[in-house]
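Novice: Mind looking over this structure? Questions follow.
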Amino acid sequence: MAITDLAIVSVPVSDQDRALAFYAGVLGLEVIDDSPMGPTMRWLRVAPQLAQTSLTLVTWFPSMAPGSLKGLLFNTDSLDEDVERFRAAGVVVSEVNEEAWGRYVTFDDPDGNGIILRGPLRPT
C-alpha cells in the first residue's frame with residue numbers, strides 16, 4: 001500500500017476566528033499555521049500536540065457547508081477533566097457513555113460540526 005498516513009482533515013466553518021477560539025481556546029489544540037492564502041482566503045491549521053494529523057478550518061469549499069462534518073473523533077487520557085473544562089467554557093456536552101471501545105462524550109463546535117471525545121475505559 002502506498003498511502004502512509006492521513007495528513008489533514010478539512011473542517012467547514014462559517015467564521016475562522018470563532019472556530020479558532022473554539023478549537024485552540026476551548027479544546028486546547030495548537031495553531032500550526034495561520035497565514036493568508038491568496039487575496040481573500042486564510043490557511044488556518046490546528047492540531048493536538050504531537051499529532052500527525054491536523055485540521056484546517058475552511059470557509060472556501062462550496063460543497064462543504066459549515067456544520068456538515070460529523071464524527072470527528074479525538075482521544076484523551078483525561079475524559080472527565082476535559083468534560084468539566086468544556087462545560088465550564090459553555091460547551092454543551094453529552095453525558096459520558098461507555099462502550100467496549102472506550103468512554104466517550106459528544107458535542108458540537110460553534111457551527112454544528114459533530115465531535116466525539118473518547119477516553120479509556122475505567123479500570124475494572
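Readers should treat all values here as calculations from the given coordinates under stated rules, not as data from a laboratory. The model shown is predicted, which means the values in this text are computed figures rather than measured ones. Counting neighbours? That spans all protein chains shown, and the Cβs are built from the backbone with ideal geometry, glycine included.
Novice: Does any residue of segment 52-65 turn out to be out of contact with any helix residue (DSSP H, G or I) (no Cβ under 8 Å at 6 or more places or on another chain), more than 22 Å from Q16 (Cα to Cα) and among the β-branched types (V, I, T)?
Specialist: No, the conditions are met nowhere in segment 52-65.
Novice: Separate question: Considering each residue of segment 1-43, count those that are of a type in the set (S, T, N, Q) and closer than 17 Å to P62 by Cα, and give that number. Please lay out each step first, then the result.
Specialist: Initially, segment 1-43 is screened for residues of a type in the set (S, T, N, Q), giving 4, 10, 14, 16, 35, 40.
Retained after the next criterion (residues that are closer than 17 Å to P62 by Cα): 10, 14, 16, 40.
Of the residues in that region, 4 qualify.
Novice: Which count do you get for residues in segment 65-89 that are closer than 17 Å to G28 by Cα and either touching a residue at least 40 places away in the same chain (Cβ under 8 Å) or charged (D, E, K, R) (or both)? If you could, list the steps in order and put the result at the bottom.
Specialist: Pass one, segment 65-89, residues closer than 17 Å to G28 by Cα: 72-89.
Within this subset, residues satisfying the condition of being either touching a residue at least 40 places away in the same chain (Cβ under 8 Å) or charged (D, E, K, R) (or both) are 72-82, 84-87, 89.
Going through segment 65-89 one residue at a time, the tally reaches 16.
Novice: Here's another thing I want to ask about it. What tally of residues in segment 90-118 results from selecting those that are under 15 Å from the mean Cα position of the chain (by Cα) and not aromatic (F, W, Y)?
Specialist: 16
Novice: May I pose another question? Taking interchain pairs and intrachain pairs at least six residues apart, which have beta carbon atoms under 7 angstrom, with the first residue in segment 21-40 and closer than 30 Å to R118 by Cβ and the second among the hydroxyl-bearing types (S, T, Y)?
Specialist: Qualifying pairs under 7 Å: L29/Y23; I32/S54.
Novice: Another question about this same structure. State yes or no: is L29 farther than 24 Å from L121 by Cβ, of a type outside the set (G, A, S) and under 16 Å from the mean Cα position of the chain (by Cα)?
Specialist: Details: farther than 24 Å from L121 by Cβ: yes; of a type outside the set (G, A, S): yes; under 16 Å from the mean Cα position of the chain (by Cα): yes.
When the stated conditions are applied, L29 passes them.
Novice: Examine segment 37-49 for a residue that is more than 23 Å from D5 (Cα to Cα), of a type in the set (F, W, Y) and more than 11 Å from the chain's Cα centre (by Cα), and state whether such a residue exists.
Specialist: First pass over segment 37-49, keeping only residues more than 23 Å from D5 (Cα to Cα): 37-42.
If we keep only those that are of a type in the set (F, W, Y) too, we end up with none.
Checking segment 37-49: not a single residue is more than 23 Å from D5 (Cα to Cα), of a type in the set (F, W, Y) and more than 11 Å from the chain's Cα centre (by Cα).
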